[in-house]
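Readers should treat all values here as calculations from the given coordinates under stated rules, not as data from a laboratory. All figures in this text were calculated on a predicted structure; none of them were measured in a lab. No Cβ is skipped: glycine too gets one built from the backbone with ideal geometry, and neighbour counts run over all protein chains shown.
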Amino acid sequence: MSREISTEKAPAAIGPYVQGVDLGSMIITSGQIPVDPATGAVPDAIADQAHQSLENVKAIVEAAGLQVGDIVKTTVFVKDLNDFATVNATYEAFFTEHNASFPARSCVEVARLPKDVKIEIEAIALRRESIGRASRWRQRAPLSSALLFVRCRLRPRLRRFCPLPLLLLSAPRLRLAPPASRASLCQVNLAAITSRHITTSSS
């Protein structure tokens, strides 16, 4: 499910599109041209146009509850790549001013832009808690995989002998171990379980 992002601090949509969409973990802005949302004016200088476009992107990102630092990707459309050095300097100053890391970026020259402006910028931003949840899931993945193996791969007639506590007791070790060591710990535990099964079934 997506939610429309709308703010008076960025230019209103002038066609069948929205200023941005909120996907929950990610927001995507429409391309922002350098129109002052309060006056509708467009500055002449390319540096001023680049700054106004970035301010419009910022307004949409903040309307979704995020910050400039949450932007992870931008696409910059310019009418003349000879302006790139000026655009780049303005772009760098903007992110530095907001103490934000530089996001990934693409920059392309186009034949023409709406209202005959010189630049348009769009952005993608991520909610940091979503990144944290994904990271925690990856850290738990080796343990989850090991448990799934024990429950699903062992022969049905031996499942009743399966010493799951042997693996569960090692869970704290798995969580505290470096990611590179977790797979090895799981293999050791599974080897012990398999050995125990063979001994039990033989007796």
Legend entry - Compactness index (Cα Rg / 2.2 N^0.38 Å), region 5-102: 1.05
Inset, instruction - Taking 7 Å along the Cα-to-C-beta vector as the label spot, tell me the Ala12-Asp48 distance in nanometres, rounded to one decimal. - result: 2.4 nm
Legend entry - Paramagnetic reach from Arg3 (point 7 Å along Cα→Cβ, amide N under 16 Å) across region 57-72: 60-67
